[in-house]
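Below is one structure; the comments refer to it alone.
Just so you know, all these numbers are worked out from the coordinates, no wet-lab data involved. This structure is a prediction, so every number in the text was calculated from the model and none was measured. Using ideal geometry, Cβ is built from the backbone for each residue, glycine included, and neighbour counts are taken over all protein chains shown.
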Amino acid sequence: MSYRIGGPAETLKRFQGDVGLRAVYGLDNLSYVPLHNQQRYTALDTHKVDVSTAFTTDGQLQRGGYLQLTDPKAIYGFQNSAMVVSKRVLARLGPDFARTINAVSAQLTDLTMQRLNAAVDLDKQQPATVARQFLRATRMSG
C-alpha cells in the first residue's frame, strides 16, 4: 500500500519530511502531493492525501476528525513559538514589558493556540478581537 503525503514544496526535499520519513522510518511507499498550507485540511477531508504536514497550533485540529501522529524518532524536532525582543526595545520599554510578554507567553499552550487560531480561521473572527478576548479572559489587559 502506498500513502500520499501532502505539504508545502519543502516537504519533498527536507529531512523533516519525505527524506527523513524514508531514511529514519523506512517509509518507501510515500508519494508527495504539493499543497499550500491553506489546502492541507481540505486535501485530507477530500481524500486527496492520506497524511499531511501540520502545526500543533492549527485551528482546524479543533474540529476533530484528525489524528496527530507522534514522531518517536524526533525527525521533526520542536518548533516552539517564542517572543524575541531586541535589547534596545526592552531597555526602552522596561522590565514591566518583559514580565507582561512572559506572562502572556506562559498562557499560550498548543491547545490555547489551537482555540485562538480556530476562532480566526474557522469562525472568521478578527485577530485583534480574538486577542483582546484572550487577554481579558486571562486578566492580562488593562
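Contact map, region 75-97: first residue under 28 Å from Thr57 (Cα atoms), second residue of a type in the set (Val, Ile, Thr) and part of a helix (DSSP H, G or I), Cβ cut-off under 9 Å, separation 6 or more or different chains; pairs are Ile75/Val19; Met83/Ile101; Met83/Val104; Val85/Ile101; Phe97/Val89. Applying the condition of being closer than 19 Å to Gln68 by Cα and of a type in the set (A, V, I, L, M) to region 19-28 and asking which residue is surrounded by the most Cβ atoms within 10 Å (Cβ to Cβ) yields Leu21.
Pairing residues of region 55-67 that are in contact (Cβ under 8 Å) with a residue 60 or more places away in the chain with residues that are assigned to a loop (DSSP other than H, G, I, E, B) and buried (at least 19 other Cβ atoms within 10 Å of the Cβ), at Cβ distances under 8 Å and at least 6 apart in sequence or on separate chains, gives no pairs at all.
Contact annotation: residue pairs with Cβ atoms under 6 Å, 6 or more positions apart or on different chains, pairing a residue in region 121-139 that is farther than 21 Å from Arg63 by Cβ with a partner that is among the polar types (S, T, N, Q) and not in a helix (DSSP H, G or I), are Leu135/Ser141.
Select from region 7-48 the residues that are touching a residue at least 40 places away in the same chain (Cβ under 8 Å) and acidic (Asp, Glu) and list them in ascending order. If the condition is that a residue be touching a residue at least 40 places away in the same chain (Cβ under 8 Å) and acidic (Asp, Glu), then no residue fits. The number of residues in region 29-44 that are touching a helix residue (DSSP H, G or I) at 6+ places or on another chain (Cβ under 6 Å) and surrounded by fewer than 13 Cβ atoms within 10 Å (Cβ to Cβ) comes to 0.
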